[in-house]
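Just so it is clear, none of the values below were taken in a lab; they were calculated from the coordinates. Treat the numbers as computed from the prediction; the structure is a model and nothing was measured. When we count neighbours, we look across all protein chains shown, and the Cβ atoms used for this are built from the backbone with ideal geometry, even at glycine.
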Amino acid sequence: MTDLLDVRREAEALMAAHLDGSWTFAFDNAKRRAGACDYTRQRITLSRYLSARYDAETNRQTMLHEIAHALAGARAGHGAAWKRTARELGYTGGVTHRGETATELAPWVGVCPAGHVAYRHRRATRATSCAKCSPRFDERFLLAWTRREITPATRLAAMTPR
Ligand SMILES: [Zn+2]
Ligand SMILES: [Zn+2]
C-alpha cells in the first residue's frame with residue numbers, strides 16, 4: 001500500500017515542475033481508471049483506490065500521462081502531439097486511462113472444487129464458498145486461497161493497452 005499523502009506530494013511536485021499554477025490536484029473515487037485530466041476545471045485527479053495500491057513509479061507514470069494531456073490540450077487526444085509530449089516527460093506506458101482491472105491487482109486467488117476462480121485484495125477471514133457454484137455459503141464449494149506476488153512490472157504491464 002502507498003500512503004496517499006506521499007501520492008499527493010509526488011503528484012503536486014510533478015505538476016509544479018511541468019504545469020503552471022492554474023492546475024490543481026485531487027483524488028477521485030474511480031475504480032477502473034488510474035487518472036483523469038479535467039481540462040475545464042484544470043484539474044488532474046488520481047484514483048485514491050488504485051493509487052494506494054500502486055507503487056510510486058506506477059503513480060508517477062499515471063501522472064505523466066495526465067500532465068501530457070494538460071500540456072497537449074483536449075483536442076490532441078492521444079494523438080501525435082500528446083505522444084511526443086508524454087515521451088518528453090518520460091512517460092513509458094500506453095494510451096489507456098483504465099489502469100488494471102481489479103482481478104489483475106488482487107493478490108489472493110481462490111479456486112473452488114469445480115475450478116472456478118475468484119480474486120480478493122485481502123485474505124479471506126472466514127471460509128468462503130464459490131458464488132458460481134452456489135449463491136449462498138455452501139461448504140461443498142469452499143474456495144482454497146493462495147497468495148500470489150503482484151510485481152511492479154505486472155502493474156505497469158496491466159496499464160499498457162494490448
Ligand atoms: Zn490519456
Ligand atoms: Zn465453483
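Quick look at the values:
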| quantity | calculated |
| --- | --- |
| Dipole magnitude of the chain, debye to nearest 20 (Cβ charges: Lys/Arg +1, Asp/Glu -1, about Cα centre) | 580 debye |
| Segment 4-89 - Debye-derived log10 I(q)/I(0), Cα point model, q = 0.22, 0.25 Å⁻¹ | -1.05, -1.31 |
| Length-normalised contact order for the chain - Cα pairs under 8 Å, 6+ apart - percent | 19 percent |
| Within segment 3-58: Cβ-based charge dipole about Cα centre, in debye rounded to nearest 20 (Lys, Arg +1; Asp, Glu -1) | 340 debye |
| Projected area, mean over directions - the chain, Cα convex hull, nm² | 10.9 nm² |
| Packing-based ranking, highest mean first, of 9-17, 131-139, 60-68, 33-41 given that Cβ atoms within 10 Å are counted | 60-68, 33-41, 9-17, 131-139 |
| Cys with no candidate disulfide partner in the chain (beta-carbon separation under 4.7 Å rule) | Cys37 |
